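One structure is given below, encoded as structure tokens.
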Protein chains: 2
Amino acid sequence: MINRINHVAIVVEDLDAALRFWRDALGLPLSKTEANPGENVDIAFLPLGESEIELLEPTDPDSGIGKYLAKKGQGMHHLCVEVDDIDAVIARLTGHGVEMINETPRVRDEGTRYAFVHPKSAGGVLVELYELPE
Amino acid sequence: MINRINHVAIVVEDLDAALRFWRDALGLPLSKTEANPGENVDIAFLPLGESEIELLEPTDPDSGIGKYLAKKGQGMHHLCVEVDDIDAVIARLTGHGVEMINETPRVRDEGTRYAFVHPKSAGGVLVELYELPE
């Protein structure tokens with residue numbers, strides 16, 4: 001039901017500086033960078049095995065991620081796990097009393113359905129669920 | 001050279017409470033639990049694809065992880081990436097000016113060689129390197 005870690009998202013102050021570590025020094029490939037104005041972040045995607053490292057640089061200090069960076073500093077922001085059936089997983093989680101940030105999955109342009117578990121239900125970790133399009 | 005995410009380590013206040021989310025609600029298998037008195041943690045291992053979630057409960061508030069929990073609260077603690085040749089990776093990192101916590105790998109009982117990159121060189125993330133025994 002839970003297949004793999006899809007990505008680990010890391011909030012950074014500066015994408016170029018972060019790439020100097022993850023790409024240049026550690027040697028991970030950079031598959032793409034993308035501006036996401038809807039979520040006020042620029043993102044760099046670095047595949048790592050069956051998962052990815054996603055580096056997020058907030059573009060607006062007043063956005064959710066911008067405020068997170070100001071408050072908590074750089075570091076791991078969320079952990080995304082890929083599931084076959086996100087509706088079934090959400091039903092199971094809420095049946096166990098887990099609080100979701102969104103109980104109804106949102107849908108990205110390319111068809112990925114996603115939802116977030118509230119960190120207070122997941123031991124302080126912001127957990128994202130992904131159901132990829134067929 | 002960098003093969004996969006070996007594990008994401010999460011610091012928790014209470015292993016049983018954390019297992020109620022990760023095992024009981026989310027449905028991950030629990031492969032084992034282990035007391036690690038050397039590092040003052042009890043650990044639960046939950047395989048997830050080619051990686052693992054490791055839940056760490058500090059057993060001593062004055063240990064490194066105990067102090068981390070008191071200061072930062074529950075959440076993701078470090079990200080471990082598995083490499084073929086840890087000496088080559090450390091040489092490459094330090095050649096790029098990256099600061100290691102330990103430049104000489106330590107060795108676990110079962111033969112895994114490991115080293116930590118200082119978070120200040122890795123955008124706030126404590127990165128562990130693993131070279132598994134042959």
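The values are calculated or read from the model by the stated rules, or taken from the named source; none is laboratory data. Fair warning: this is a prediction, and the values are worked out from it, not measured in the lab. Virtual Cβ from ideal backbone geometry, glycine too; neighbours counted across all protein chains shown. SASA here: full protein model, heavy atoms, side chains in, ligands and nucleic acids out. Shrake-Rupley method; radii C 1.70, N 1.55, O 1.52, S 1.80 Å.
Remark: spin-label model distance A:Lys120-B:Thr112 equals 3.4 nm, labels positioned 7 Å along the Cα→Cβ axis.
Rolled with a 1.4 Å probe across the full set of protein chains, the surface gives B:Met1 an accessible area near 100 Å².
For the stretch A:84-134, the carbon plus sulfur part of the accessible surface works out to 46%, probe radius 1.4 Å. Under the combined filter of DSSP loop state and at most 16 neighbouring Cβ atoms within 10 Å, the stretch A:29-134 retains these trypsin sites (Lys or Arg not before Pro): A:Arg108. What angle, in degrees between 0 and 90 and rounded to the nearest 10, separates the Cα long axis of helix B:86-95 from the longest principal axis of the Cα atoms of chain B? For helix B:86-95, the angle is close to 70 degrees. Taking all protein chains as shown and a probe of 1.4 angstrom, A:Ser31 keeps an accessible surface of around 70 Å².
Per residue, the accessible area of the stretch A:24-88 comes to 44 Å², computed with a 1.4 Å probe over protein heavy atoms only.
The H on the amide N of B:Leu48, modeled in the peptide plane, is under 5 Å from the matching H of B:Ile53, each at least 5 residues off or on a different chain.
Taking amide H as placed 1.01 Å from N in the peptide plane, A:Glu13 has no amide H partner under 5 Å among residues 5 or more places away or on another chain. The share of C-alpha pairs in chain B whose separation exceeds 19 Å stands at 52 percent.
In loop segments of the stretch A:27-61 as defined by DSSP, the GluC sites (Glu not before Pro) with at most 16 further C-beta atoms inside 10 Å of their C-beta are A:Glu39, A:Glu50. By the equivalent-ellipsoid construction on the alpha carbon gyration tensor, the stretch A:7-77 comes out with semi-axes of 20, 12, 11 Å, ordered largest to smallest. With label points defined 7 Å past Cα in the direction of Cβ, position A:Glu134 shows copy-to-copy spacings of 4.7 nm, given to one decimal and shortest first. In sequence order, the stretch A:18-33 has phi-based couplings of 5, 5, 5, 7, 5, 8, 6, 7, 6, x, 6, x, 9, 7, 6, 10 Hz under the Karplus curve 6.51 cos²θ - 1.76 cosθ + 1.60, θ = phi - 60°, and Gly or Pro positions carry x. Interface A-B: total buried accessible area of about 3100 Å², 1.4 Å probe, protein heavy atoms only.
Each part reduced to its alpha carbon centroid, the stretch A:104-122 and the stretch B:75-134 end up 32 Å apart. In chain B, the beta carbon lying closest to the axis that superposes B onto A belongs to the residue given here with its whole-angstrom distance, B:Met76, 2.
Binning the alpha carbon pair distances of the protein assembly as shown at 10 angstrom intervals from zero yields the distribution 7, 30, 38, 22, 4, 0, expressed in whole percent. Over the stretch B:84-134, the reciprocal of the mean inverse Cα-Cα separation, the Kirkwood hydrodynamic radius, stands at 11.0 Å. Near A:His78, the amide H atoms lying under 5 Å from its own belong to A:Ala9; only residues 5 or more places off or on other chains count, and H is placed 1.01 Å from N.
Here the label points at B:Leu30 and A:Thr104, each 7 Å from Cα along the C-beta direction, are separated by 3.6 nm in the simple model.
Across chain B, the relative contact order, built from alpha-carbon pairs under 8 Å that are at least six residues apart, equals 25 percent. Residue-wise HN-Hα couplings along the stretch B:42-55, as the Karplus relation 6.51 cos²θ - 1.76 cosθ + 1.60 with θ = phi - 60° gives them from phi, are 9, 10, 10, 10, 10, x, 8, x, 7, 10, 9, 9, 10, 9 Hz; Gly and Pro carry x.
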